[in-house]
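The values are calculated or read from the model by the stated rules, or taken from the named source; none is laboratory data. For clarity, every value in this text was computed on a predicted model and none was experimentally measured. Positions of Cβ are generated from backbone atoms using ideal geometry, with glycine treated the same way; all protein chains shown enter the neighbour counts.
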Amino acid sequence: MKKIVKTALALSLCLSLPVFAGGTKEAAPGASAPGYSQLTVYSAMPDGELPTYFNAFEKDTGIHVNYVRLSAGEMMARIAAEKANPQASIMHGGSSDTYVAAHKEGLLDAYQSPELANIPKAYHDGAGVWNPIYVGAIAFVCNTDWFKENKKDLPKSWADLVQSEFKGQVSMAHPATSGTSYTILATMVQLFGKNDPQKAWDYFKKLNLNVRQYTKAGAAPPQEAALGEAAIAITFSHDGLKPKMEGYPVELVFPSEGTGYEVGGVALIKGAFPQERDNAKRFIDWFMSVRGQELFIDAKSNRLPVNTKAKYTPGLTSLDKLPIIDYDAVWAGDHKKEFVEQFNTMIADQSNLK
């Protein structure tokens, strides 16, 4: 059986509140002071980005964020396990199909921010539960040094990835724990045809022969490609652009047959701390505002904001210029449990993640 490994999971718990005169930090000028000064968040966004967002939110509002960083799959599993006694108020980051699945399991409370007025309706939740915060497409991240040394052309298509010349050179996360890889899985099922998913499973059986390892988080494979541990990583373009902009020898390729994309979300966790509810709504509104959206630049995340008034990192490619498929996130979310179980059975079992 293929050895499956996980990346180290960094759990960042910011559990202490700084001491200020009067016991709470003052809100920024012009902002109303909070009645309660804390907010608890589970986030699937990368560790390196989170302090940028949460420190800015505290500076603007006086609300201190206690957070735990988890992969999207782990985040949903944790919220489900805590359903009877929620331990966080916000589910933050990760693709919309995870939010669709969470809503289906009764884990979320509906809240729609007034900032949706500045966001294209194509990114809105039709059920009116979660809120969109960024978009990004699936891409191949290729280590150019490896391709030069091996005198091979960069892969241009999904079909190229299953060629024997890439045996042991492809890195991707496991769809049971990674929202990124579940989007990859749902993309392939939709690309091959929803009515005949067996074609997608046949494809993954071939791809599995070339997979070096399945990681736990979707942000790990592009780092492996950047370091030369794998020739190709399959991930979201914003995660792949990060090592490129840091100077690593990588190039991004969008598969010619078409690719899926995510709409990153944020939502209220059902039954969470009542004293944090107003802060949670305030955080969602703030993150969707121009102020919150433009922090993607400061965090060097390379995410495309959904707020049409927000600026974004120069050089990013918008979705309308990419070969994206008509990705059905609601359908993907509705079938998530089924498809993950099938991946575990037919391709690689998540129980082997270490």
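Assess whether residue 126 counts as being out of contact with any Leu (no Cβ under 7 Å at 6 or more places or on another chain), free of Cβ contacts under 8 Å to residues at least 60 places away in the same chain and surrounded by fewer than 22 Cβ atoms within 10 Å (Cβ to Cβ). Write out each step before concluding.
Numbers: out of contact with any Leu (no Cβ under 7 Å at 6 or more places or on another chain): yes; free of Cβ contacts under 8 Å to residues at least 60 places away in the same chain: no; surrounded by fewer than 22 Cβ atoms within 10 Å (Cβ to Cβ): yes.
For residue 126, the condition - out of contact with any Leu (no Cβ under 7 Å at 6 or more places or on another chain), free of Cβ contacts under 8 Å to residues at least 60 places away in the same chain and surrounded by fewer than 22 Cβ atoms within 10 Å (Cβ to Cβ) - is not met.
Just to be sure before I move on: is residue 200 among the small types (Gly, Ala, Ser) and more than 25 Å from residue 319 (Cβ to Cβ) in the structure I sent? Lay out the reasoning, then the answer.
Working: among the small types (Gly, Ala, Ser): yes; more than 25 Å from residue 319 (Cβ to Cβ): no.
No: the conditions fail for residue 200.
Rundown of residues vs (1) assigned by TED's automatic domain parsing to the domain that holds residue 270; (2) surrounded by fewer than 19 Cβ atoms within 10 Å (Cβ to Cβ); (3) under 25 Å from residue 321 (Cα atoms); (4) of a type outside the set (Val, Ile, Thr), yes/no style:
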{"residue": "157", "(1), (2), (3), (4)": "no, yes, yes, yes"}
{"residue": "170", "(1), (2), (3), (4)": "no, no, no, no"}
{"residue": "175", "(1), (2), (3), (4)": "no, no, no, yes"}
{"residue": "197", "(1), (2), (3), (4)": "no, yes, no, yes"}
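Using the structure shown, decide if residue 327 is in the same structural domain as residue 154 (by TED's automatic domain parsing), assigned to a loop (DSSP other than H, G, I, E, B) and either among the aliphatic types (A, V, I, L, M) or buried (at least 16 other Cβ atoms within 10 Å of the Cβ) (or both). Write out each step before concluding.
Numbers: in the same structural domain as residue 154 (by TED's automatic domain parsing): yes; assigned to a loop (DSSP other than H, G, I, E, B): yes; either among the aliphatic types (A, V, I, L, M) or buried (at least 16 other Cβ atoms within 10 Å of the Cβ) (or both): yes.
Spelling it out, residue 327 is indeed in the same structural domain as residue 154 (by TED's automatic domain parsing), assigned to a loop (DSSP other than H, G, I, E, B) and either among the aliphatic types (A, V, I, L, M) or buried (at least 16 other Cβ atoms within 10 Å of the Cβ) (or both).
Find the residue count for the stretch 233-257, including only residues that are of a type in the set (A, V, I, L, M) and assigned to a loop (DSSP other than H, G, I, E, B).
Initial filter on the stretch 233-257 (of a type in the set (A, V, I, L, M)): 233-234, 241, 245, 250, 252-253.
From the residues that got through so far, the ones that are assigned to a loop (DSSP other than H, G, I, E, B) too are none.
Counting residues in the stretch 233-257 that are of a type in the set (A, V, I, L, M) and assigned to a loop (DSSP other than H, G, I, E, B) gives 0.
Mind checking whether some residue in the stretch 90-103 is of a type in the set (D, E, K, R) and surrounded by 24 or more Cβ atoms within 10 Å (Cβ to Cβ)? Show your work before the answer.
Kept after step one, since they are of a type in the set (D, E, K, R), are these residues of the stretch 90-103: 97.
Next cut, surrounded by 24 or more Cβ atoms within 10 Å (Cβ to Cβ) only: 97.
Yes.
Being modelled with pLDDT under 65, farther than 21 Å from residue 86 by Cα and assigned to a loop (DSSP other than H, G, I, E, B) is the filter here, so list the residues in the stretch 14-43 that pass it. Spell out the reasoning first.
Narrowing the stretch 14-43 to residues modelled with pLDDT under 65: 14-31.
Now narrow it down to the ones that are farther than 21 Å from residue 86 by Cα: 18-31.
Residues satisfying the conditions are 18, 19, 20, 24, 25, 26, 27, 28, 29, 30, 31.
Filter the helices (runs of 4 or more DSSP H) completely within the stretch 44-160 down to those with at least 1 residues that are of a type in the set (S, T, N, Q) and over 20 Å from residue 179 (Cα atoms). Quick ask: steps written out before the conclusion?
Details: elements: 50-61, 72-81, 96-104, 144-149.
Because the criterion is at least 1 residues that are of a type in the set (S, T, N, Q) and over 20 Å from residue 179 (Cα atoms), the helices (runs of 4 or more DSSP H) in the stretch 44-160 that meet it are 50-61, 144-149.
State whether one or more residues within the stretch 346-353 are touching a Lys or Arg at 6+ places or on another chain (Cβ under 9 Å) and of a type in the set (D, E, K, R).
No, because not a single residue in the stretch 346-353 is touching a Lys or Arg at 6+ places or on another chain (Cβ under 9 Å) and of a type in the set (D, E, K, R).
Residue 114 is checked against (1) surrounded by fewer than 18 Cβ atoms within 10 Å (Cβ to Cβ); (2) within 30 Å of residue 210 (Cβ to Cβ) and fails just one. What number does that condition carry?
It fails just one condition, (2).
Is at least one residue of the stretch 256-276 touching a Lys or Arg at 6+ places or on another chain (Cβ under 8 Å) and hydroxyl-bearing (Ser, Thr, Tyr)?
Yes, that holds for at least one residue.
Looking at the stretch 258-313, what helices (runs of 4 or more DSSP H) fall wholly within it and have at least 3 residues that are of a type in the set (D, E, K, R), surrounded by fewer than 17 Cβ atoms within 10 Å (Cβ to Cβ) and in contact (Cβ under 8 Å) with a residue 24 or more places away in the chain? Spell out how you get there, then give the answer.
Values: elements: 277-288, 290-293, 295-298.
Because the criterion is at least 3 residues that are of a type in the set (D, E, K, R), surrounded by fewer than 17 Cβ atoms within 10 Å (Cβ to Cβ) and in contact (Cβ under 8 Å) with a residue 24 or more places away in the chain, the helices (runs of 4 or more DSSP H) in the stretch 258-313 that meet it are 277-288.
Can you name the residue in the stretch 184-195 that is touching a helix residue (DSSP H, G or I) at 6+ places or on another chain (Cβ under 7 Å) and at pLDDT 95 or above and is also surrounded by the fewest Cβ atoms within 10 Å (Cβ to Cβ) among such residues?
188
Taking the residues in the stretch 212-230 that are out of contact with any Pro (no Cβ under 9 Å at 6 or more places or on another chain) and assigned to a loop (DSSP other than H, G, I, E, B) as candidates, determine which candidate is surrounded by the fewest Cβ atoms within 10 Å (Cβ to Cβ).
Only one residue fits best here, namely 229.
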